[in-house]
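Everything below concerns the one structure shown next.
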Amino acid sequence: MEKYVVSARKYRPSTFNSVVGQGHITVTLKNAIKSNHLAQAFLFCGPRGVGKTTSARILAKTINCFQADANTEPCNQCESCVSFNEGRSLNILELDAASNNSVDDIRNLVDQVRFVPQLGKFKVFIIDEVHMLSNAAFNAFLKTLEEPPPHAIFILATTEKHKIIPTILSRCQIFDFNRIKVEDMANHLAEIAIKENITYEIDGLHVIAQKADGALRDALSMFDQIVTFSGNHVSYKAVIENLNILDYDYYFKLTDYLLAADVSSSLLLFNDILSSGFEGNFFVNGLAQHLRNLLVSRDAVTLQLLDTSPGIKEKYKVQASRSEIGFLIKGLEICTKTEAGYKMSVNQRLLVELALMQLCALQGLIPDSEKKNTDSNPIASDAVTPYVPQKRDISAQAPISPTTINAAQTPEVIAGIVSNHEEQASNTTANQIEPKSEPKKVISVKNFSSGKPSIASMLNQVKSGDKEAAVTSANTRSNAFTNEQLQASWSSYVQNITEKGKQSLSHTLSLAKPVIGENNVIHFKVFNAVQESDVQSVLTELSMRLRNDLSNDLIQVKIEVSKDESERKPYTNREKYVRLAQINPNLEKLRTQLDLEI
């Protein structure tokens, strides 16, 4: 019975050209050999399974080859290459630092460095997992690594470069190996399948490459496992079943349900996924990745960022064309929050199901006015704000009157009332949707014509993010007030702030002198940006206090930062000195005569 050899060993690269996905490394090494600019110490670092040890062996074999070709590749025919391939070369010594990490092991290595090679030009020492050496072993190795004999070359390999002491790093030429791309890995697996007379589906090879996470050795191990499982045919279905991976189709179906706001089908699909043995956080992570892929697929320029087969890319492109940017961005936000709170949740299944319900509620909450009139940042996180729909029966004959809307109602409630009035015109019973108490975005109403210009004018005053927009109506208070009344209300608010322990803010407001401007606008000045920021935090509360005390809902408070240096209070030592020198010029003369510094 012929001994079975795994693909990772059977198809291990033997030349620089056969190394997968590390062209920047192999080209540099070949040029160094050709120009005879070989360093005496190399450090190969990078993730597992990307070809560090393999490249070290190829380099060791090539520099001792007697008949290297024009492309600086080993011939694999001379005595040096044959002895290396058969594992009996005395010019190459490999040391596993994970199990030989003591000072004595390094001393034995240093003793062998003195002997010249029996065959070839160089004696190569390959130390794998070099970061496992102890600090004492590193220090014992320093002198030899810095000044080795001319015939000795050291190649160190590690997956954790940060654990190597700086004195070792400074004595080596460092080569950083990259994770192997999915496309390169899938093509390499396809070549091996052809050599082994194995049929395959390219989608299945792409899934194996993605699962390997940049490590070709892992990909080859999974490839052997799939071949053992399914025979001489690597199908997409066999890969999904054997590697316990959620199929793309699950997420494509789920997204269709979310876009259709089909809560029932979404929950049933999630139940099927749980029944298949997958964890909820694994599902949420995959859904977030799927939404990210849809967002990337909306633009042909970024479509190349998808590490999938052409067939899957086309599916993403089709579904992305039916998905709004606001839905995808808000969906990613919901998935991220769900994944972050999954481990801390007591009822983890309910948490994921609630996230699916929120995703279903997103569709349809982006009004046409926002879709068409997007600002400079069309994918802002607050483009869509989910809320829980609640039913309310409204008589179809009930007219809308000016008293229906008053100043105490929020702009969102006004928009809901107007929406209901439109539905009443069709003689049907409508369900009014009430938003949350503090939504992030105001739902705007466009092209509303009910014959009542007062309501339309009120809606025009509603601006995104402005929670203090004045809503004029029949019940709006607009009493006149005097400066004395304003100062009394202002002082009362400052006293309230002082009692709450906000001394800095209280001091700022007490120094401010509010002035009544046109159109019920109250202006007051602060002296710097810090004071402006402090006042902004209580501006809404201050405005409401003044409106209630003065019985005027049209009051607006405006902050101005004073640019007049004479009004600005000095803070730094230099500013204080300048102010004193302006009052008494003799102070500057005294400073000059005594040659003093501020």
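All of the numbers you see were taken from the coordinates with simple rules; none came from a lab. Computed from a prediction, not measured in an experiment: that's the story for all the values here. Methodologically, a virtual Cβ is constructed for each residue, glycine included, from the backbone with ideal geometry; neighbour enumeration extends over all protein chains shown.
The residue list GLY87, THR167, ALA152 was ranked by how far each Cα lies along the charge dipole of the stretch 7-176 toward its positive end, using unit charges on Cβ atoms, and GLY87 comes out on top.
For the stretch 64-128, the set of chymotrypsin sites (Phe, Trp or Tyr not before Pro) satisfying both a DSSP loop assignment and a count of at most 14 other C-beta atoms within 10 Å is given as PHE66, PHE115. Any chance you could check the Cα centroid distance between the stretch 500-542 and the stretch 264-301 for me, in angstrom? Computed from Cα coordinates, the inter-centre distance equals 49 Å. Sparsely packed loop sites in the stretch 69-153 (the GluC sites (Glu not before Pro) outside DSSP H, G, I, E and B with at most 11 other Cβ atoms within 10 Å) comprise GLU86. In loop segments of the stretch 104-157 as defined by DSSP, the trypsin sites (Lys or Arg not before Pro) with at most 14 further C-beta atoms inside 10 Å of their C-beta are ARG114. Fewest neighbouring Cβ atoms within 10 Å first, the residues LEU486, LEU590, LEU328 line up as LEU590, LEU486, LEU328.
Scoring 576-588, 291-303, 181-193 by mean Cβ neighbours within 10 Å over their residues and listing the highest first yields 181-193, 291-303, 576-588.
Of the cross-linked pairs LYS123/LYS143; LYS502/LYS525; LYS317/LYS337; LYS34/LYS123; LYS30/LYS163; LYS3/LYS211, which ones have a Cα-Cα span greater than 24 Å in the structure shown?
Listed pairs above 24 Å: LYS317/LYS337; LYS30/LYS163; LYS3/LYS211.
Computed from the Cβ-Cβ distance with R0 of 25 Å, the FRET efficiency linking LEU169 to ASN17 stands at 0.30.
Most tightly packed first, judged by the mean number of other beta-carbon atoms within 10 Å of their residues, the peptides 527-539, 238-250 read 238-250, 527-539.
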